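The values are calculated or read from the model by the stated rules, or taken from the named source; none is laboratory data. This structure is a prediction, so every number in the text was calculated from the model and none was measured. As a convention, Cβ positions derive from the backbone with ideal geometry for all residues, glycine included, and neighbour counts pool all protein chains shown. Only protein heavy atoms, including side chains, enter the accessible area calculation; ligands, DNA and RNA are left aside. Shrake-Rupley method; radii C 1.70, N 1.55, O 1.52, S 1.80 Å.
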2 protein chains.
Amino acid sequence: MKNRPTLADIAEAAGVSLMTVSRVINNKAGVSEDLRQEILGLVTEMGYHPNQIARGLVTSQTTSVGLIVPDNTNPFFAQIARGVEDAAYEHAYSVFLVNTVEDPIRELEALDSLWQKDVDGLIWCSARVSAEELGVQLRRFPAVVLLNRELEVPLSHVMTLNVHDYRGARVAVTHFVGQGRQRIAFLNGPSHSLSAHRRLQGYHAGLTTANLPLDSILEGCCPPDTEGGYEAALALLKRCPDVDAILAFNDLVAVGAMQACQALGRNVPKDIGIIGFDDIPLATIIKPQLTTLHVNLMHIGKIAMRALFDMVEGVTCPAAILIEPELFVRDSA
Amino acid sequence: MKNRPTLADIAEAAGVSLMTVSRVINNKAGVSEDLRQEILGLVTEMGYHPNQIARGLVTSQTTSVGLIVPDNTNPFFAQIARGVEDAAYEHAYSVFLVNTVEDPIRELEALDSLWQKDVDGLIWCSARVSAEELGVQLRRFPAVVLLNRELEVPLSHVMTLNVHDYRGARVAVTHFVGQGRQRIAFLNGPSHSLSAHRRLQGYHAGLTTANLPLDSILEGCCPPDTEGGYEAALALLKRCPDVDAILAFNDLVAVGAMQACQALGRNVPKDIGIIGFDDIPLATIIKPQLTTLHVNLMHIGKIAMRALFDMVEGVTCPAAILIEPELFVRDSA
DNA sequence: AGCCTACTAGTTAGCGCTAACGTAAACTAA
DNA sequence: TTAGTTTACGTTAGCGCTAACTAGTAGGCT
């Protein structure tokens, strides 16, 4: 590896002091235009780039942020990560990606490691720690954006960013009702998930508004993937053969459910309507194309990162953002 | 944000010198067992974690690595990234994720930013820079694993990790031939892709071995996604209605091609067999399930990261690894 | 001339940590 | 005993950079 040039190297080559070069690099006043140009020339010639590590040590700004997700393989988080990275790139920030693999211990270790790396901010998706632990952890970072998690007590350096799950689920149910469907089931996600709770509420609200009875036999829980959806739908259709609509926790579950219906010879959408959540790319790949509650995930990632940047820079920003999902009607309902 | 404790804080609290605490933290000899335990107690009590920034400045080891991918949203790279992150976690390393978005300029900027961050190593997927530029860039990093790219001149601090594309494509063609298929088309990926070249060679070799003629009308190029595959397959079937098998550059293209076939009323696999490449999760989600050349992508990511770690630690390691893809026969061929 | 401002540059200290060396005490060997 | 070795710590310097202060010079004003 080539020895990288330091400020001192440039300073020596230019016959000036360290600080003069530093001022040029950081676009600060106090250097004559001639000298500035001369130094700038040397900088590009010698291929100098500031060592962010050293700079970070003195400024305590590392221009890097942490992104914690359960699993970057999940298209939901992959899209968000992409948005975060894109926005980070706009601001010349770097992103540490960490997976928790839904493991609370690993989640804590992820936080530790990011803290040790002295990140300027943190984007934390689907935090699973207790409210108390959450408080402790949030206090360790200069700025945090919480995705998919709420805060009882607002904190000035923490922003929350959530999808309006309640409304989304209600809209979906209303859409089913509008199609004349009566036995509307809900295949929900993990019980520890906040979104799951809120969507269940929305589902109930939708049924109530339509004067349909709540029936717990129509509600199921499953891991938020296609296998989970498949198994759960199979079980559901076994215990309630008269189901004519399934609202799924997310698109993966919806796809699994769709396959279960097809395996049982039920036509989608004629016999059974299916609505998913998130609108991941898969939604338009499968046949029939999935009707789903569209959320612009990449955009959410960008919003999160930009908000984080604003907080780091000291610009105030809203304590909580709620994203409205939009029903994209395709073929499955 | 709580002021984080430093070595000096611990030292003062323990009434010893900085170095004694440092030795304890780094598990180095030269501290009595009693004192070590006492300090360890203080460390956990005060919640001390070493500042990796400061440590990195003096040791020039940052315990972080860079991962450059074209697009982390692409399941291919998402899987790899997951493997990399998993293995990095094993070694307490952190991963900077950067997308190039297939943009050569952004690729160079990504390299710059990682260099400024002083990463210990780099995992670089599908490098698109010229051979000359590649040499320049590689020289900037202490250790590099190149995925999907080869090196003319081996470098001691660079490892390459490639899928045996040639053999994979040949195996696929042979499989088609074994099913009695005669008009075997190939929907290849971007022409700048090294994999695309090698797969084309393997495709040709497979045909030649089977005494089938090469026919450039059977070969198409497309963007490596479902839309690309759909359009390319549509065009292909229009100009060669007698095609009875399609080898696709990757699974996304294969899925697109499958949808095109279905749109044209061709039955897969009866009328047309389809084989993909990579075995992404989608391969088992769609119907009919995709026959594809399976590559354990997460495993590749792990191998890459572990090799990088070995190189950083000074353990010698192979200059090039070639991964054998394995044909997973499912329903589409 | 004397004083003030404005600009340009240099000097010093220190961010948190570790490598390398220094040192005092205890222990060993004949 | 005396010199040599080991153990257990402390001291110093410096990684590359920037904040904050200092200093020199030119120009303008009374």
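State whether one or more residues within the range B:86-97 are among the aromatic types (Phe, Trp, Tyr), at the interface with chain A (Cβ under 9 Å from one of its Cβ atoms), under 30 Å from residue B:250 (Cα atoms) and touching a Leu at 6+ places or on another chain (Cβ under 7 Å). Scanning the range B:86-97, I find at least one residue that is among the aromatic types (Phe, Trp, Tyr), at the interface with chain A (Cβ under 9 Å from one of its Cβ atoms), under 30 Å from residue B:250 (Cα atoms) and touching a Leu at 6+ places or on another chain (Cβ under 7 Å), so the answer is yes. For the subset of the range A:59-70 comprising residues that are more than 10 Å from chain B (Cβ to nearest Cβ) and surrounded by fewer than 19 Cβ atoms within 10 Å (Cβ to Cβ), which member is farthest from DNA strand C (Cβ to nearest atom)? Ranking the candidates gives A:61 first. Whether any residue in the range A:241-253 is open to solvent by 60 Å² or more (accessible area, probe 1.4 Å) and either touching an Asp or Glu at 6+ places or on another chain (Cβ under 7 Å) or not assigned by TED's automatic domain parsing to the domain that holds residue A:143 (or both) is what I want to check. Checked against the condition, which is being open to solvent by 60 Å² or more (accessible area, probe 1.4 Å) and either touching an Asp or Glu at 6+ places or on another chain (Cβ under 7 Å) or not assigned by TED's automatic domain parsing to the domain that holds residue A:143 (or both), the range A:241-253 yields at least one hit.
Here's the yes/no breakdown for (1) at negative phi; (2) modelled with pLDDT of 95 or more; (3) outside the structural domain of residue B:307 (by TED's automatic domain parsing); (4) hydroxyl-bearing (Ser, Thr, Tyr):
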site: B:66; (1), (2), (3), (4): yes, yes, no, no
site: B:69; (1), (2), (3), (4): yes, yes, no, no
site: B:74; (1), (2), (3), (4): yes, no, no, no
site: B:78; (1), (2), (3), (4): yes, yes, no, no
site: B:81; (1), (2), (3), (4): yes, yes, no, no
site: B:86; (1), (2), (3), (4): yes, yes, no, no
site: B:89; (1), (2), (3), (4): yes, yes, no, yes
site: B:95; (1), (2), (3), (4): yes, yes, no, no
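Taking each residue of the range A:29-43 that is closer than 15 Å to residue A:7 by Cβ and assigned by TED's automatic domain parsing to the domain that holds residue A:16 and looking for partners that are open to solvent by 70 Å² or more (accessible area, probe 1.4 Å) and within 14 Å of DNA strand D (Cβ to nearest atom) with beta-carbon atoms closer than 6 Å, six or more apart or interchain, yields A:31/A:23. Suppose we filter A:155, A:151, A:134, A:187 for residues that are in the same structural domain as residue A:75 (by TED's automatic domain parsing) and open to solvent by less than 20 Å² (accessible area, probe 1.4 Å); which single one remains? None of the others qualify; the one that does is A:134. Here's a check for you: in the range A:1-50, which residue that is under 30 Å from residue B:156 (Cβ atoms) and basic (Lys, Arg) is nearest to DNA strand C (Cβ to nearest atom)? The qualifying residue nearest to DNA strand C (Cβ to nearest atom) is A:4. May I ask you to list the residues in the range A:190-210 that are surrounded by fewer than 21 Cβ atoms within 10 Å (Cβ to Cβ) and more than 20 Å from residue A:256 (Cα to Cα)? Result: A:192, A:194, A:197, A:198, A:201, A:204, A:205, A:208, A:209, A:210.
Tallying residues that are over 38 Å from the mean Cα position of the chain (by Cα), more than 9 Å from DNA strand D (Cβ to nearest atom) and closer than 30 Å to residue A:144 by Cβ within the range B:13-40 yields 2. Residue A:126 meets all of the listed conditions (1) surrounded by fewer than 19 Cβ atoms within 10 Å (Cβ to Cβ); (2) modelled with pLDDT under 95 but one, namely (1).
Checked against (1) surrounded by 20 or more Cβ atoms within 10 Å (Cβ to Cβ); (2) assigned by TED's automatic domain parsing to the domain that holds residue B:184, residue B:287 passes all but a single condition, namely (1).
For (1) of a type in the set (Gly, Ala, Ser); (2) in a strand (DSSP E or B); (3) more than 25 Å from residue B:90 (Cβ to Cβ), each residue gets a yes or a no:
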{"position": "B:283", "(1), (2), (3)": "yes, no, yes"}
{"position": "B:288", "(1), (2), (3)": "no, no, yes"}
{"position": "B:298", "(1), (2), (3)": "no, no, no"}
{"position": "B:304", "(1), (2), (3)": "yes, no, no"}
{"position": "B:309", "(1), (2), (3)": "no, no, no"}
{"position": "B:322", "(1), (2), (3)": "no, yes, no"}
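Applying a threshold of 6 Å to beta carbon distances and a minimum spacing of six or more residues, or different chains, the list of pairs starting in the range B:316-333 at a residue that is of a type in the set (Asp, Glu) and ending at one that is at pLDDT 95 or above and open to solvent by less than 50 Å² (accessible area, probe 1.4 Å) reads B:324/B:164; B:326/B:294.
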